[in-house]
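The values are calculated or read from the model by the stated rules, or taken from the named source; none is laboratory data. Remember, predicted model here, so these are calculated numbers, not experimental data. All Cβ positions, even for glycine, are placed from backbone atoms using ideal geometry, and neighbour counts span all protein chains on display. SASA here: full protein model, heavy atoms, side chains in, ligands and nucleic acids out. Shrake-Rupley method; radii C 1.70, N 1.55, O 1.52, S 1.80 Å.
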Amino acid sequence: MANPANNAKGKGIAIVTMFFIFAMISFVTNMAAPFGNIWGFRYAWAGMAGNLMNFTAYLFMGIPAGNMLIRYGYKKTALIALAVGAIGLGIQLLSSAVGGDVELFGATLNLYIYLLGALVCGFCVCMLNTVVNPMLNLLGGGGNKGNQLIQTGGALNSLSGTLTPLFVGMLVGTLTKETTMASVAPLVVTGIVIFVLAFVIISFIKIQEPQANLSNVKYEHSPLAFRHCTLGVIAIFFYVGIEIGIPGELNAWISRESFEGAAAVAGSLAALYWLLMLVGRSLSSVISGKVSSRTQLMVASSVAIVLILTAILLPESITFRSPSFEALNITSGEVPLKTLFIFLCGLCTSVMWGGIFNLATEGLGKYTAKASGLFMTMVVGGGIMPFIQDWIGRTVGYVSSYWLVLAMLVYILYYAIHGSKNVNTDINVAEEMTPDARNL
């Protein structure tokens, strides 16, 4: 039988630990786009290559990560992920000191070392995501409360996501062909230290798991037997492409402009997007106990569609001075007004991940862990779709690339209105043990 976390202290520790892991996920993930600007300045094709490698890892690690939850539990899976993350950042740090003078397939060896590190880091964040989302949903008992915990963790996720491009912009300043990974080495070292400390701390924390003995549970179906789960998997693929593509392409666009401090301004605009995601998730964490995930997702996707459409149609000649926050080291610059509507989308995308995951896993019971693995596999959309968007941006125009984002937002709206309804309530989701388990 399942053993839910009913001890208040153990449950509280588990929730706080998951919140911390949520922040670590964004810290690592959001290194890819600004780091990619460094490589993209030297090799046009490499601008989103690190991001692609980071998210390609989900394609290969998603289902194995879900199986790890079943076999090892949430805590052990998280510890393995943290160790892998430290190794991945170590490989990226190595690229700042090794291989810069060796040519290989039209690029220097250190680029390929960096891409390998990005792939390994992708394995890490995939496992961490597989742990944190279902655990918070289960600890909250699903429904609005489960979504509320996911949104609260998401607020911390956005906070670290705000700081990462901001720090990179501060360290790089003006992007040139001479800029290398050595410029951001302090940030990478900080990440390694945090991963090591997190591993040590979590090793000594007793986490009461929300589900137990999942390896002995009998599974008659796949999570894909639930229509709302299948459509939710597709929605997650598009959503992560939206979340990463919006600030990533904005960062690439402004970074490649020829004015002094462009990289810092671009990093600041991306930071504003993540800061607004922090605001949105903080607000959602307050209202999610009363406002349903479906309602939040419908409103957020509708507003995002209006914002992106406005950004596309607005003349680029209209400019404004971007906000400046000295306390946060957010740099101001004269940029097209379009960018305002782009980074305002952070308020909308802030609630989408938690809303989609909550709706798609609602009523899955024993299939939740397996569904989480499938979701993590489809997070590869965060690598594929921004890569396609960046190609469109470089060939047709950066602003035109947001038509792709608009199309994906339309699907999210469809899922919120219709696709998220559970029409397979006849499938048994109770945790029935296998015959061998019953005899133990």
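Consider segment 331-366. How many of its residues are open to solvent by 10 Å² or more (accessible area, probe 1.4 Å) and not in a helix (DSSP H, G or I)? Within segment 331-366, residues that are open to solvent by 10 Å² or more (accessible area, probe 1.4 Å) and not in a helix (DSSP H, G or I) number 9. Determine whether Lys290 is within 25 Å of Ala65 (Cα to Cα), of a type in the set (D, E, K, R) and open to solvent by 10 Å² or more (accessible area, probe 1.4 Å). Considered against the rule, which asks whether it is within 25 Å of Ala65 (Cα to Cα), of a type in the set (D, E, K, R) and open to solvent by 10 Å² or more (accessible area, probe 1.4 Å), Lys290 comes out as no. Within segment 237-251, is even one residue open to solvent by 40 Å² or more (accessible area, probe 1.4 Å), modelled with pLDDT of 85 or more, in contact with a Phe, Trp or Tyr (Cβ under 7 Å, 6 or more places away or on another chain) and not small (Gly, Ala, Ser)? Yes: one or more hits.
Summed over segment 26-58, the residues that are open to solvent by 10 Å² or more (accessible area, probe 1.4 Å) and either within 14 Å of the chain's Cα centre (by Cα) or under 17 Å from Pro134 (Cα atoms) (or both) give a count of 7. Annotation: Ser96 fulfils all but one of (1) open to solvent by 30 Å² or more (accessible area, probe 1.4 Å); (2) hydroxyl-bearing (Ser, Thr, Tyr); (3) touching a helix residue (DSSP H, G or I) at 6+ places or on another chain (Cβ under 7 Å); (4) not in a loop (DSSP other than H, G, I, E, B); the unmet one is (4).
Only one of the listed residues (Phe55, Phe20, Phe60, Phe41) is part of a helix (DSSP H, G or I) and modelled with pLDDT under 80. That residue is Phe41. Among the residues that make up segment 120-132, is at least one of them of a type in the set (S, T, N, Q), buried (at least 24 other Cβ atoms within 10 Å of the Cβ) and either within 19 Å of Gly383 (Cβ to Cβ) or without any contact (Cβ under 8 Å) to a residue 24 or more places away in the chain (or both)? So far as segment 120-132 goes, yes, one or more of its residues are of a type in the set (S, T, N, Q), buried (at least 24 other Cβ atoms within 10 Å of the Cβ) and either within 19 Å of Gly383 (Cβ to Cβ) or without any contact (Cβ under 8 Å) to a residue 24 or more places away in the chain (or both). Of all the numbered requirements in (1) at pLDDT 85 or above; (2) in contact with a helix residue (DSSP H, G or I) (Cβ under 6 Å, 6 or more places away or on another chain); (3) aliphatic (A, V, I, L, M); (4) surrounded by fewer than 24 Cβ atoms within 10 Å (Cβ to Cβ), Val405 misses one, and that requirement is (4).
One line per residue, one yes/no per condition, for (1) at pLDDT 85 or above; (2) outside any loop (DSSP other than H, G, I, E, B); (3) not aliphatic (A, V, I, L, M):
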{"position": "Leu163", "(1), (2), (3)": "no, yes, no"}
{"position": "Phe167", "(1), (2), (3)": "no, yes, yes"}
{"position": "Met170", "(1), (2), (3)": "no, yes, no"}
{"position": "Ala182", "(1), (2), (3)": "no, yes, no"}
{"position": "Leu187", "(1), (2), (3)": "no, yes, no"}
{"position": "Val193", "(1), (2), (3)": "yes, yes, no"}
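Within segment 5-28, does at least one residue satisfy the condition of being free of Cβ contacts under 8 Å to residues at least 60 places away in the same chain and basic (Lys, Arg)? Yes, because at least one residue in segment 5-28 is free of Cβ contacts under 8 Å to residues at least 60 places away in the same chain and basic (Lys, Arg).
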